[in-house]
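See below for the structure under consideration.
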Amino acid sequence: MDNIREILNRLLKKECSIEEAEKLLRANAIEEVGDFAKLDIFRKMRTGIVEVIYAENKKPEVTLDIIYTFLKKNRFAIVSRYSEEIISLISKEFENNEVYSVNINELANILIVKDKSYKFEKKGGKIGIVTAGSSDIPVAEEAKVIAESMGCEVLTSYDLGIAGIHRLFTPLSEMIKKDIQVIVVCAGMEGTLPGVVAALVDIPVIGVPISSGYGLGEKGIGALTTMLQSCSPGLLVVNIDNGFGAGASAALIANKIAE
């Protein structure tokens, strides 16, 4: 806090411009939680991307402490990849709470604790999310939650893989008619669908390889290789099962276009 106070005093004394003060505040906006976490509370302000609490391998009590810090500063906290122990503790902690509510997306393995009166600001971006198979839906839902928390409208259509390629065209056409600006495509096995979609549309496509599949290209390796090797221009690729990265990147692009 001393750094923030110093920056504000410099601004009041006209020793720096508003632009310089804003830059310094963004650079110094880190909140410490005990001795185990340094939280980038103002990441959303600085980069447009929400800060998410990655709960895997965290003790439930540590996760809860971090949640309270976020609630104090931002009025919401997003928790991804939670365990049953964590969700049990959080559900009990906020049960019948008059101020905060807990929204759980079991498919995405994400929960959001927020002030009941808080709403994520709409930024105008509009993205589409499709999956090749039903096994890809959890990662797609993760991308959806992140994009929505960044102010995007999200249209989804699932189970459109190339084994039944005829299923793809109508949902994709409807998304284009509704002026989506980016499309996220999740696919496991050999991961062909993102390249196919990129060959059909004139907007950026973000491919997400999914860790389904077996044999030589198991655990998403085959899907990742196919997407990286695709000859379809306009296809970008994130890491295996990285729904967060896909949703955040799509939202950044769409919101910037919407400006």
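The values are calculated or read from the model by the stated rules, or taken from the named source; none is laboratory data. Small disclaimer: the values here were computed from a predicted structure and weren't measured. Cβ sites come from the backbone with ideal geometry, for glycine too, and all protein chains shown count toward neighbours.
Considering only residues that are hydroxyl-bearing (Ser, Thr, Tyr) and either buried (at least 22 other Cβ atoms within 10 Å of the Cβ) or over 18 Å from residue 225 (Cβ atoms) (or both), which ones fall in segment 151-204? Even if it seems obvious, please write down each step before you answer.
Pass one, segment 151-204, residues hydroxyl-bearing (Ser, Thr, Tyr): 156-158, 170, 173, 192.
156, 157, 158, 170, 173 - these are the residues of segment 151-204 that are hydroxyl-bearing (Ser, Thr, Tyr) and either buried (at least 22 other Cβ atoms within 10 Å of the Cβ) or over 18 Å from residue 225 (Cβ atoms) (or both).
Given the structure, is residue 67 in the same structural domain as residue 111 (by TED's automatic domain parsing), at pLDDT 85 or above and in a strand (DSSP E or B)?
no
Which residues, counting only those in segment 107-130, are within 25 Å of residue 83 (Cβ to Cβ) and either without any contact (Cβ under 8 Å) to a residue 24 or more places away in the chain or β-branched (Val, Ile, Thr) (or both)?
Listed by number, the residues that qualify are 110, 112, 113.
Only one of these is more than 26 Å from residue 81 (Cβ to Cβ) and touching a residue at least 40 places away in the same chain (Cβ under 8 Å): 215, 133, 195, 151. Name it.
Every option except 195 fails the conditions.
Go through segment 59-88 and give me each residue that's among the aliphatic types (A, V, I, L, M) and surrounded by fewer than 18 Cβ atoms within 10 Å (Cβ to Cβ).
Of everything in segment 59-88, just one residue is among the aliphatic types (A, V, I, L, M) and surrounded by fewer than 18 Cβ atoms within 10 Å (Cβ to Cβ), namely 62.
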